[in-house]
2 protein chains.
Amino acid sequence: MPGTSGPVRPDAAADLAGERVRQRRKAIGLSQQALATAVGVSRQTIITMEQGNYAPSVYLALRVAGALESEVEALWG
Amino acid sequence: MPGTSGPVRPDAAADLAGERVRQRRKAIGLSQQALATAVGVSRQTIITMEQGNYAPSVYLALRVAGALESEVEALWG
DNA sequence: CTTCACTGTCAAGACCTCTTTACGTCGAAG
DNA sequence: CTTCGACGTAAAGAGGTCTTGACAGTGAAG
């Protein structure tokens with residue numbers, strides 16, 4: 001019983017994905033709302049995602065990576 | 001209200017990811033149980049994943065991609 | 001025929017993703 | 001000082017992920 005239940009979360013190390021997403025978003029010049037709209041989710045979702053300690057679905061991750069002109073492995077790997 | 005709620009799922013087209021995972025797993029020569037153990041989840045999770053219509057967390061996707069010597073974008077993109 | 005590995009189905013339960021609404025702060029204008 | 005955009009927090013609710021355990025079908029091997 002790894003996590004006992006619930007979505008698979010980040011391994012040991014920290015959850016740096018959120019910070020990477022935030023930096024990439026700012027680099028692209030998008031507001032949280034703009035990114036949210038671009039990937040089709042609520043602003044809350046983006047906020048939570050950047051806050052870390054959050055495991056989005058692969059599909060959301062793929063969309064975000066796309067909107068940020070990056071790759072899933074680069075942001076969450 | 002895109003999906004109204006719940007994890008972001010695949011867009012329009014079919015959910016071919018499951019089939020890709022299955023083919024890659026067999027190509028590598030792993031049983032569902034072996035893959036499950038390798039990525040640290042239950043066999044049920046692998047079964048459901050190959051069945052399609054399922055949106056794993058990015059982290060699980062990354063582990064599966066790793067175990068199958070592939071990439072997230074290649075399997076779920 | 002019995003055994004065993006592999007695959008699949010069903011189901012209850014714990015924890016989580018994502019939504020919507022509402023409210024609070026801060027800095028940059030006007 | 002008021003307004004507005006961008007960010008943050010809180011909280012309730014629908015629906016999903018992942019777990020465990022039990023049970024069943026298939027094909028290969030003894």
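Read the figures in this text as sums done on the coordinates, not as results from a lab. Keep in mind it's a predicted model, so treat the numbers as computed, not measured. Cβ: placed from backbone, ideal geometry, glycine included. Neighbour counts: every protein chain shown.
Side notes on the structure shown:
- Across the identical copies, the label point of A:Ser31 (7 Å from Cα in the Cβ direction) is separated from its matches by 5.6 nm, in order from shortest.
- Span-rule helices in chain B, defined as complete DSSP H runs reaching 15 Å or more along the axis (Cα) with Kyte mean at least 0.0: none
- Residue and whole-Å distance for the chain A Cβ lying nearest the axis of the A-onto-B rotation are A:Val72, 2.
- Alpha-carbon Debye profile of region B:17-76, log10 I(q)/I(0) at 0.16, 0.19, 0.20, 0.27 Å⁻¹: -0.38, -0.55, -0.62, -1.28
- With the Kirkwood sum run over all distinct C-alpha pairs, the protein assembly as shown has a hydrodynamic radius of 15.9 Å.
- Counting charges near B:Arg43 (Lys, Arg +1; Asp, Glu -1) among other residues having Cβ under 13 Å from its Cβ returns a value of 0.
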